[in-house]
Each structure stands twice: as structure tokens, then as C-alpha cells.
């Protein structure tokens, strides 16, 4: 893929994330590249530690657990529990 094409894909992902609050930049990029199917719910394997860090950032920006859950396609309680577990592990380290 040429550098210009990569840049275009990155700009498209950024635009998608800005225009649609259901996407983070990473999820938008995955969607554009075909790595993420947004029609199905996310599984445990789909959510990475970077996603959880994004969830924490979204919470600090006053997004509700419901809003974050809609973005990732998982339950609100799953968002709460993942953030709680992640913080516990990071604090221990």
C-alpha cells in the first residue's frame, strides 16, 4: 500500500471517529480495514488493554458506562468490571 493510501485510510478512520461517537479511532481503523465486524457483539478476545485504556479515558471525559458499552458492543457491567480489573492490575504493578 502506498504512503498516500495509508494516509487516506488514517484520515477516513479519524473522520469516522469524529462523526460517529460509537467509534474510537482504533475501532474505526479496524472497521475500515475489515478487521472488525461491528454487526456482532465484541467478545473477550476482541477487547485489548488499549481498548480498556480508551474506556478509562472516555469515563474521564464524562461518558456513561452505557455510552461506552454501545461503542464496544458489550454490556455496561462488562465495561465497569473491565475498568475495575484493569485498574487493580495496574495499581499492583
**Distance histogram for the range 41-93 (every C-alpha pair counted, 5 angstrom bins, percent rounded to whole numbers)** = 4, 21, 35, 26, 10, 3, 0
**Complete:** Here the relative contact order (percent) of the range 41-93, from C-alpha pairs under 8 Å and at least 6 apart, is 38 percent
**Request:** Arrange 23, 80 by Cβ neighbour counts within 10 Å, fewest through most, would you?
**Result:** 80, 23
**Item:** Projected label distance in nm at residue 77 and residue 12, using a 7 Å step from Cα toward the beta-carbon
**Value:** 3.9 nm
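No lab work stands behind these numbers, since they all come straight from the coordinates. Model, not experiment: these values are computed from the prediction. Neighbour counts are summed over all protein chains in view; Cβ atoms, including those assigned to glycine, are modelled from backbone coordinates with ideal geometry.
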